[in-house]
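Here's the structure we're looking at; comments come further down.
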Amino acid sequence: MATAAGVTRTFLGPLERSVSVAAGRTAVACGEVRLTYAELDERVRRLIGALRAMGLSRGDRVGVIGRNCHRYLELYLAVPAGGFVLVPLNARHAEPELRYALADSGTRVLFGDPEHAALAACVERFVALGAESDALLADAAPEPWHPAAEDDLAGLFYTGGTTGAAKGVMLTHGNLVANALAFMTCWPFTPATRWLVVAPMFHAGGTIGVLAIVWAGGQHVILPGFDASAALDAVAREAVTTIFAVPTMLDALVAEQLRRPRDISSVTHLSHGASPIADEVLHRTRKAFPGVSMLHIYGTTETSPIITLLPEEQELLETPRARSCGQPAIGVQLQVVDLARRPLVAGEVGEVRVRGANVTGGYWRKPEQTREALSDGWYLTGDLGYLDEAGHLFLVDRAKDMIITGGENVYSTEVEDALHRHPAVGEAAVFGLPDVRWGEAVHAVVVPALEVGEDELIAHCRTLVAGYKVPKAIHLRAEPLPKSAAGKVLKRELRETYAG
């Protein structure tokens, strides 16, 4: 095993501990598959051996695209532990977006579900998850973990860019371990923890608890995708103790449980994050999951992802702090600043910025965007909010017009660019409107240059961007979009006009 100094601050720390103290304990339950920590360790080491046999060297990028499964978890652990860099791809992205990420990252090997085999042309080798990847492991010799350092790159996590080009967020071993430690100081992770993995694992929410669970010797209960009925059946069958869900998933779980109750008495902790949540959903959650400890998490991909935590949220539902997303996590510094980057006092609205061991060092091969987001060690989130006298953060808006719909980030300029590629579009503005189900819905207003219909424009967008980025509605108008004296479209006016 690796004996490098500082091993605890790398992926090797959790892996080393779990195989030492929990070798015979179940690490993964995925359908009919059950793996102990000893078996998971064997598969991780064989995967490292297979990658080295392919000729990959330290720092080479390995991509993965597919549904949640134990193989995805193995890749998430093995690639960084072997000294390589993981590139998780959003399976909901359109093919041009996926090809861009593969080319930008320089990914050499891609593991993916068979339906993504068309991406094989973008990499040196494509390995289908399932029988092919299992055969690869069976033929490989187990290899030792790579002696890692905290600042070794562990993954490139692609997130949308305001210019339409996705950015690879560089997260190191130290970043992701800092996130795990912050999480473990707030919530109990023990050998008895059985964590329901239901958010997609290409998303920060899908892997937010992985290192903490491995460190504690707990168990992952992995579902291939989200279905409220199947998720609740798994909770009852596997005696799940802990759930993380984005608000849309949580709302569906609550509705299904209230309609057709299951035995969910094993659940003690339930968390949500990734997008705004309606008060009514929180109240219904408390009714459907009585007695559970609720946790609100606020974060970003760039912060690995945790920034703030609001534990025991259920006790605050009738108080003003119910709208808060909590206080900074252990190890995270947070400020609300004005345009000159001067800290503001409690109650004053400004941009949220953070620093800590969990914060990215920048964007892959994008120095200009890195300089814009990172200054003097602080990461500027682009979110607007204020702090109360006890350091609770309240978010009020997003400075960069980012839309969060169903837990996914959508940048308005990217969708506007897609709209403008249609010859009938003269002007276009995209923004988010409150939505009970999705948190926010993508909305567009178009001033056409030629005759065109809403359905045609929506179909056009579907060919260029992921489905969740496609506007839920498009309003056509004859008059020009409202603009400031500098010529900037006044989206606030548009939101007010179309909010009803």
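Every number here is computed from the coordinates shown, using simple stated rules; none is lab data. These numbers were taken from a predicted model, which means no experiment stands behind them. Because the Cβ atoms are built from the backbone with ideal geometry, glycine has one as well, and the counts that use them run over all protein chains shown.
Quick notes on this one:
- The three principal axes of the Cα atoms in the stretch 402-498 give end-to-end lengths of 32, 30, 19 Å, sorted in falling order.
- Mean Cα-pair separation over length for the chain, i.e. relative contact order, pairs under 8 Å, 6 or more apart, %: 12 percent
- Just so you know, the Cα atoms of the chain work out to an Rg and Dmax of 22.5, 69 Å.
- Selected from 436, 419, 470, residue furthest toward positive end of dipole (the stretch 402-498; charges at beta carbon): 436
- Computed E for residue 338/residue 8 - FRET, C-beta separation, R0 56 angstrom, nearest 0.05: 0.90
- Dipole in debye (nearest 20) - the chain, about Cα centre, beta carbon charges: Lys, Arg +1; Asp, Glu -1: 560 debye
- Dividing the helix sum by the residues of the chain, where each DSSP H run of 4 or more adds -39500 (n - 2.57), gives a mean residue ellipticity at 222 nm of -9000 deg cm²/dmol.
- On full extension, the segment bounded by residue 260 and residue 54 gains 69.2 nm, given 0.36 nm per residue less the C-alpha separation.
- Applying the criteria of a DSSP loop state and at most 14 other Cβ atoms within 10 Å to the GluC sites (Glu not before Pro) of the stretch 1-98 yields 32.
- Simple label model, 7 Å out from Cα along Cβ direction - residue 477 to residue 396, nm: 2.4 nm
- With Cα atoms as the point set, the radius of gyration and Dmax of the stretch 164-265 evaluate to 14.9, 46 Å.
- Using C-alpha pairs below 8 Å separated by at least 6 residues, the relative contact order for the stretch 402-498 is 26 percent.
- A straight chain from residue 318 to residue 230 at 0.36 nm per residue would run longer than the Cα-Cα distance by 28.5 nm.
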